[in-house]
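Contents: one structure, followed by commentary.
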Amino acid sequence: MQAIKNITAHADYREAVAKLDSYREALTDARQLADDLDSERVAHDVKDFEPNAIELADRLLSGVALQDNLSKRITETARKIEALRRAIELQQREVLRIRGEHSRRVCRDAVGEHVARVARVARAVEEMHAANRAEQEFRANIEAEGYSGTLLPAMAFTPHGVDYFDTRDVDGGYAPSWARDAGDYIASKALPVEVYEKQAAREAAAAPRRVPKLAARVSYPGEGELIA
């Protein structure tokens with residue numbers, strides 16, 4: 001198998017992840033600031049519960065604002081947190097989009113080798129079923145001649161008495177369904193998403209196009225009609 005370079009080797013992916021990390025770090029800082037400001041607000045409220053009359057009068061006479069910018073800072077921090085949350089959500093989508101694009105190219109290049117390995121699995125499944133049948137039939141032949149074959153251990157690989165490798169089981173089950181999917185994949189040598197896209201495109205092309213109906217003609221005063 002050809003060596004696959006790590007996805008971090010792609011600059012666009014690295015940059016997108018770095019940007020996402022910066023947003024997350026900023027959000028952590030903003031949340032810490034919000035906690036600090038909330039603690040400051042509580043302390044401020046307790047302090048102002050019994051205001052110093054002289055200090056209050058001095059501040060009024062000097063023209064100093066009674067309220068500092070604490071409320072403003074709390075509001076701005078809350079807005080910053082909300083903006084960062086939204087930015088993180090959007091940037092996560094961007095990271096997934098970039099990862100998806102690179103993943104599709106890598107998997108597209110790997111289809112040939114993967115198909116070969118799936119074909120090997122399919123052959124092994126068929127061989128396992130044949131081996132199970134051969135072991136069972138060998139003991140059955142001894143029984144058919146009147147002997148007891150129970151002295152031979154039943155060694156077919158059938159957990160709980162079920163042959164999970166019978167791809168032709170008329171009762172259905174996992175093996176036949178798996179075999180169909182594997183056969184389709186091996187024959188197409190294409191990613192399932194590519195098969196789906198091609199099928200969707202064919203269906204869209206075959207679907208009758210809807211011709212928009214013309215709107216009914218409406219006459220308005222001034223178009224030659226007399227109004228009683």
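Have a look at Gly112, Thr75, Ile98 and report the one farthest towards the positive end of the charge dipole of the range 65-131, computed about the Cα centre with Cβ charges (Lys/Arg +1, Asp/Glu -1).
The residue sitting most towards the positive pole is Thr75.
Can you pull the one-decimal nm distance between simple spin-label points at Ile186 and Arg209, each 7 Å off the Cα toward Cβ?
Taking the simple label geometry, Ile186 and Arg209 are separated by 4.2 nm.
So between Asp21 and Ala43, what do we pick up on full extension, going 0.36 nm a residue minus the alpha carbon distance?
4.6 nm
Between Ile81 and His102, take the C-beta separation as r, use R0 = 22 Å, and let me know the FRET efficiency to the nearest 0.05.
According to the calculation, E is roughly 0.10.
For the range 7-205, what size does the Cα cloud have along each of its three principal axes, sorted from largest down, in whole Å?
Taking max minus min along each principal axis of the Cα atoms, the range 7-205 gives 118, 50, 35 Å.
State, to one decimal in nm, how far the label point of Ile4 lies from the label point of Ala200, with both points 7 Å from Cα in the Cβ direction.
Going by the 7 Å Cα→Cβ label model, 2.3 nm.
Residue by residue through the range 18-28, which ³J(HN,Hα) values in whole Hz follow from phi under the Karplus form 6.51 cos²θ - 1.76 cosθ + 1.60 (θ = phi - 60°), with glycine and proline marked x?
4, 5, 4, 4, 5, 5, 5, 5, 5, 5, 4
Given the C-alpha centroids of the range 181-209 and the range 66-121, what is the distance between them in whole angstrom?
Each part's Cα centre sits 29 Å from the other's.
Any read-out appearing in this document is the output of simple, stated calculations on the displayed coordinates, not a laboratory observation. Only a predicted model underlies this, so the values are computations on that prediction, with no experimental measurement involved. We place every Cβ from the backbone using ideal geometry, glycine too, and count neighbours over all the protein chains shown.
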